[in-house]
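Written below as structure tokens is the structure these notes are about.
The values are calculated or read from the model by the stated rules, or taken from the named source; none is laboratory data. Small disclaimer: the values here were computed from a predicted structure and weren't measured. Cβ placement follows ideal geometry from the backbone for every residue including glycine, while neighbour counts extend to all protein chains displayed.
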Amino acid sequence: MLRARSAFLGTALCLFATSRVSYAAADAAPEAERTVDQILADFIKASGGVAPWKKHRSLAVTMTISVRGLGLNGTATALWTAKGQYLETGDLPNMLSMKRGSDGKRYWSQDPIDGLRWLQGAEAEQAEIVGAWMGYLQLSAHSSGSKIVPAPAAKLECIEVAYKQSTATMYCFDKATHLMTLEQGKKASPQGDTPYITRASDYRDTGGVMMPFVQETTAGPATFVVTVQKAEWDVPTSASQFALPKVGKK
Amino acid sequence: MSRISRSLLAPYGLLLLVAAAGCAGKTPNTTPGATAAGPTVQPPSFEPSTGPAPKPESRSPYASSRPAIFDAAWTAIRDKHYDPKLGGVDWVAVRKRYEPMAIGAPDEPTFYRVMNDMLGELKQSHLFITGPGDESELGPQTEEQSGGTVPQTAIDLNTLGDPGIIVRVIGTGNGAATITFVRPNSSAAKAGLRAGTVVTHIGGRPLASLKSRRAMRPVEERFHLRRLASQALTGPVGSQVTVKISDSNGTSKDVLLRRDAPAEQPIRVGNLGPLYPEVSSRQVGDIGIVAFNYFLLEPVLKKVAASIDQFRSRKVKGLVIDLRGNPGGVAAMAIPLVRQLVKERTPLGTLQHRDHQNVLVAEPSLDITPYLGPVVILTDEGTASTSEIFAAGLQAAGRALVVGQVTLGQALPSVIESLPGGAVLQYVVADFKTPKGVALEGRGVIPDRLVLETPSALAAGQDPVLEAALTIIRSKGKK
């Protein structure tokens, strides 16, 4: 979705800038010889490029969550600003409410399992990738290399991006649309890394940005389905929204 | 692209894991899986077909769903059980053996019984299937004075109540089914029932007859009876149930009890429930006691955490956490509860999933000041699953002493998944071992101090397990 897309767009921009590959070169290259840069350049172009982002100050997305087959349903929100602030929330009734955010400098997380904490290491890096406005500033620091990897399906082309602290992630793009349709990696947490595969679909044009409205993430026996309900640019924000929740130790 | 769903994985992924004995699905689990000790499944009560799977009996309105239910359950186990080799069980051969029996079952209770027998081949807990048309071994007891029962499918599970007693098998030898708890102001309390009273029948059924079809460890058999007794006591609010009690002289009498409405609204967590969470806390002298019946983040964790915080602010000398009868719940709740009691990173154990490993670990939180005084955890044979993970973790960390009886030994994280036709399947998705590498499945948590409850002690108004815990804490205070 947009949030994810923005983060990956950052990755793409970073890699693209580093290797100085042009869109024209990407378009001309034969499929068999395509490089990471060409794949990413096509993705950037297909997803709307940087220009739409530069017109806006914030983006808010509301979503529904369901866990397939397990009878769990809830809601989630995500909010980004051009200042690098970030806030996501999730709520599953009778289960939990969680928050994660950044004031633009540090990332924090609050949920019943791992409590209220500043994120560190791989977790912080992954949060930054997710939470950055377009993501590229953070990704230019975190990405430590990339390569072409075998695709799990003929219609896809895939790259693997390595990061400084978190495990490498595979991103796959539809050869026809150049939009990202699959991501495979490991989510870091205090309990260890959890492998996941996410499939994105139902791309829609939202203010010039192509956004996947449906994402299905499978981890172990569970599949989370996140569906975008609403995406809104330039919503009003205040700094307090993104600050670490009051500690107020009991 | 997938960031939002990915970032939800950390908190939600663990939350999906249900470590609860006897909480599977929308109807109570009445046939917990056999254990690693190697119990066997008894033969089916009808002859299996030797030819192709017979067509489902047309007289059952649910029969047409059986093939899809069977296939979904069998496939889920094959593809999602944490052990791809299923402990060496030939799952294909199992299918060949059970599918004709299941599809051709004369009715839905038999269908689900065969399905559960199939799951029992894995010899693990937390494997259970139920669905429309299934009936428990007792069936919900809805007898009025005129007798009769109401089909389970006709009962609104949100309007169930009970007369306010817990019946468990306690004591020496084979033990005796005994009232171990009477809820204050309940129908049972008003009828004069007291803890320590031996119960021989519920709803006209002799408790001695409530043996499982499966071979079980003795502790599981007693747990089984406890749950069947609970099930027999449960029914529509306002209905009545007869309980036959026996005094110390062997004199029996029937007591007719009305089922009370639950104190709080039931909750559901996915396919788990309805659950009636209860939290109680009290202070005995300078020692705090908190008890709760399920591990749930909302509303249980908040209430338990508030109680602990209150005890901390009162500077109590020690804390007793009473997990007797607590069958577990949401596995991840063990982590935040431990966080209330430790000041540094504390591992509770390891979850071995099919494709990765997690360590259950409690990290300090910026917004919590933990209680750091002595902690004693009370256990009995109904302490199960998440309760066992919690108790074993704190015991291994040297943070708490465990007092009471050896726990049930059913501690495998699972999920409860909807299947076609309205069926629900609970299945194991991870193996669990304590920080010391000990598997609790089939073993349980061994208390630091074994204390046995007896009907006579309860009848005398004593709680020997709690009293042992209080003595331990007071002795620590003197050192």
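Figures for the structure shown
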quantity	calculated
Segment B:105-121: number of residues that are touching a residue at least 40 places away in the same chain (Cβ under 8 Å), surrounded by fewer than 22 Cβ atoms within 10 Å (Cβ to Cβ) and of a type outside the set (D, E, K, R)	2
Filter pass, residue A:114 being within 10 Å of chain B (Cβ to nearest Cβ), under 30 Å from residue B:338 (Cβ atoms) and at pLDDT 90 or above	yes
Qualifying positions in segment B:390-408 - touching a strand residue (DSSP E or B) at 6+ places or on another chain (Cβ under 6 Å) and not in a loop (DSSP other than H, G, I, E, B)	B:391, B:393, B:395, B:401, B:402, B:403, B:404
Segment A:94-106 residues that are within 11 Å of chain B (Cβ to nearest Cβ), paired with ones that are surrounded by 17 or more Cβ atoms within 10 Å (Cβ to Cβ) and in a loop (DSSP other than H, G, I, E, B) (beta carbon under 7 Å, 6 or more apart)	A:96/A:112
In segment A:190-218, residue modelled with the lowest pLDDT [restricted to those that are hydroxyl-bearing (Ser, Thr, Tyr) and more than 30 Å from residue B:363 (Cα to Cα)]	A:206
Residue count, segment A:155-178 (criterion: in contact with a helix residue (DSSP H, G or I) (Cβ under 7 Å, 6 or more places away or on another chain) and crowded, with 19+ Cβ neighbours inside 10 Å)	8
Condition met for residue B:273 (closer than 25 Å to residue B:182 by Cα, within 14 Å of another protein chain (Cβ to nearest Cβ) and assigned to a strand (DSSP E or B))	yes
Qualifying residue in segment A:80-93 (condition: within 11 Å of chain B (Cβ to nearest Cβ), more than 22 Å from residue B:356 (Cβ to Cβ) and part of a helix (DSSP H, G or I))	no
In segment A:219-250, the residues that are surrounded by fewer than 20 Cβ atoms within 10 Å (Cβ to Cβ), hydrophobic (A, V, I, L, M, F, W, C) and at pLDDT 90 or above	A:225, A:233, A:235, A:239, A:243, A:244
Breaking point among (1) under 26 Å from residue B:443 (Cβ atoms); (2) modelled with pLDDT under 85; (3) among the polar types (S, T, N, Q), for residue B:146	(1)
Any strands (runs of 3 or more DSSP E) falling wholly within segment B:316-375 and containing at least 3 residues that are within 8 Å of chain A (Cβ to nearest Cβ) and either modelled with pLDDT of 90 or more or farther than 23 Å from residue B:447 by Cα (or both)	B:357-362
Qualifying residue in segment A:159-173 (condition: on the phi > 0 side of the Ramachandran plot, within 14 Å of chain B (Cβ to nearest Cβ) and outside any loop (DSSP other than H, G, I, E, B))	no
Any hit, segment B:292-300, residues being in a helix (DSSP H, G or I) and in contact with a helix residue (DSSP H, G or I) (Cβ under 8 Å, 6 or more places away or on another chain)	yes
Count of residues meeting criterion [surrounded by 22 or more Cβ atoms within 10 Å (Cβ to Cβ) and closer than 10 Å to residue A:227 by Cβ] in segment A:66-75	0
Hits in segment B:164-177 - residues which are of a type outside the set (A, V, I, L, M, F, W, C), buried (at least 21 other Cβ atoms within 10 Å of the Cβ) and farther than 18 Å from residue B:220 by Cβ	B:164
Only listed residue being farther than 30 Å from residue A:93 by Cβ, touching a strand residue (DSSP E or B) at 6+ places or on another chain (Cβ under 6 Å) and without any contact (Cβ under 8 Å) to a residue 40 or more places away in the chain, chosen from B:288, B:250	B:288
One residue from B:232, B:291, B:263 being of a type in the set (A, V, I, L, M) and surrounded by fewer than 19 Cβ atoms within 10 Å (Cβ to Cβ)	B:263
Qualifying residues in segment A:42-65 (those that are of a type outside the set (A, V, I, L, M, F, W, C), in a helix (DSSP H, G or I) and touching a residue at least 40 places away in the same chain (Cβ under 8 Å)) - the one surrounded by the most Cβ atoms within 10 Å (Cβ to Cβ)	A:42
Yes/no for residue A:81 being of a type in the set (Ser, Thr, Tyr) and either free of Cβ contacts under 8 Å to residues at least 12 places away in the same chain or buried (at least 20 other Cβ atoms within 10 Å of the Cβ) (or both)	yes
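Condition check ((1) more than 10 Å from chain B (Cβ to nearest Cβ); (2) assigned to a strand (DSSP E or B); (3) touching a Lys or Arg at 6+ places or on another chain (Cβ under 7 Å)) across all residues:
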| position | (1), (2), (3) |
| --- | --- |
| A:185 | no, yes, no |
| A:190 | no, no, no |
| A:197 | no, yes, no |
| A:202 | yes, yes, no |
| A:205 | yes, yes, no |
| A:211 | no, yes, yes |
| A:218 | no, yes, no |
| A:223 | no, yes, yes |
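Okay, residues lined up against (1) in contact (Cβ under 8 Å) with a residue 60 or more places away in the chain; (2) out of contact with any Cys (no Cβ under 9 Å at 6 or more places or on another chain); (3) under 21 Å from residue B:216 (Cβ atoms):
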site: B:359; (1), (2), (3): no, yes, no
site: B:375; (1), (2), (3): no, yes, no
site: B:384; (1), (2), (3): yes, yes, yes
site: B:396; (1), (2), (3): no, yes, no
site: B:410; (1), (2), (3): yes, yes, yes
site: B:416; (1), (2), (3): yes, no, no
